[in-house]
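Here's the structure, in structure tokens; my notes come after.
The values are calculated or read from the model by the stated rules, or taken from the named source; none is laboratory data. Predicted model, so just to flag it, every value in this text is computed and none were measured. Here the Cβ positions follow ideal geometry from the backbone for every residue, glycine too, while neighbour counts run over all protein chains shown. All accessible areas refer to the heavy atoms of the entire protein, side chains included, with ligands and DNA or RNA removed. Shrake-Rupley method; radii C 1.70, N 1.55, O 1.52, S 1.80 Å.
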Amino acid sequence: MPAILPPVTSPAPTAASVIVPLAIPAAARAISQPVPLAAVDGARFEACADGTCEVSVYGPVDIAVGPDVLSVTKIGPDGLDFALSLAGGGRASGTLRSTCGTTFTLLRGGGSRGGFCAPGKVQGPPVPEPGAVSIQLAGRSSDGSAVLRLVSG
């Protein structure tokens with residue numbers, strides 16, 4: 001004959017087990033959307049010939065940044081893929097994600113570095129530095145294009 005087990009019951013809630021929702025201010029609950037940017041140079045890539053520009057990019061394109069060339073190979077909803085070729089040799093490729101000012105810098109003497117940002121913190125524009133080319137995904141324009149800042153030193 002099988003054993004008969006007593007019914008399982010949950011203990012009555014106690015003060016320690018009651019979940020009380022915390023009051024969260026409305027401003028903290030709101031999901032902030034990035035403010036659309038208008039690129040200073042629009043889609044005029046020739047503005048980058050002097051080594052510094054802010055342009056709107058809609059799709060794959062090669063942009064002369066001083067003597068160097070930035071190739072945007074793909075644009076997606078959350079970032080873009082790129083290849084950066086230096087006139088004196090050296091090449092790097094990668095992906096810039098987010099619209100909080102993610103920056104990539106390629107050094108003419110060799111090496112590279114990335115500048116990443118935390119949620120809610122936006123990096124400022126890259127500063128020209130001797131022997132370096134920096135690219136920054138600054139944000140999106142109201143028409144959905146990626147706004148890039150390019151700085152060569």
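For Ser98 paired with Asp62, estimate the spin-label separation in nm (one decimal), with each label point 7 Å from Cα along the Cα-to-Cβ line.
A separation of 3.2 nm, rounded to one decimal place.
Which value, in Å² rounded to 10, gives the accessible area of Ser112 with a 1.4 Å probe and all protein chains present?
70
Can you grab the distance from the C-alpha centre of region 120-153 to the C-alpha centre of region 43-80, Å, no decimals?
Each part reduced to its Cα centre gives a spacing of 10 Å.
Using each residue's phi in region 123-135, evaluate 6.51 cos²θ - 1.76 cosθ + 1.60 at θ = phi - 60° and report the 3J(HN,Hα) Karplus result to the nearest Hz, with x for Gly and Pro.
The phi angles translate into 6, x, x, x, 9, x, 9, x, x, 9, 10, 10, 10 Hz.
Taking amide H positions as placed in the peptide plane 1.01 Å from N, state which residues far from Ala39 in sequence (5 or more) or on other chains have amide H under 5 Å from it.
The list, which skips near neighbours in sequence, is empty: none.
Mind pulling the per residue volume of the convex hull built on the Cα atoms of region 59-152? Å³ is fine.
So the per-residue hull volume is 89 Å³.
Sorted by accessible area (1.4 Å probe), largest first, how do Glu54, Glu129, Glu46 line up?
On the way: Glu54 30, Glu129 55, Glu46 125 Å².
Order by accessible area, largest first: Glu46, Glu129, Glu54.
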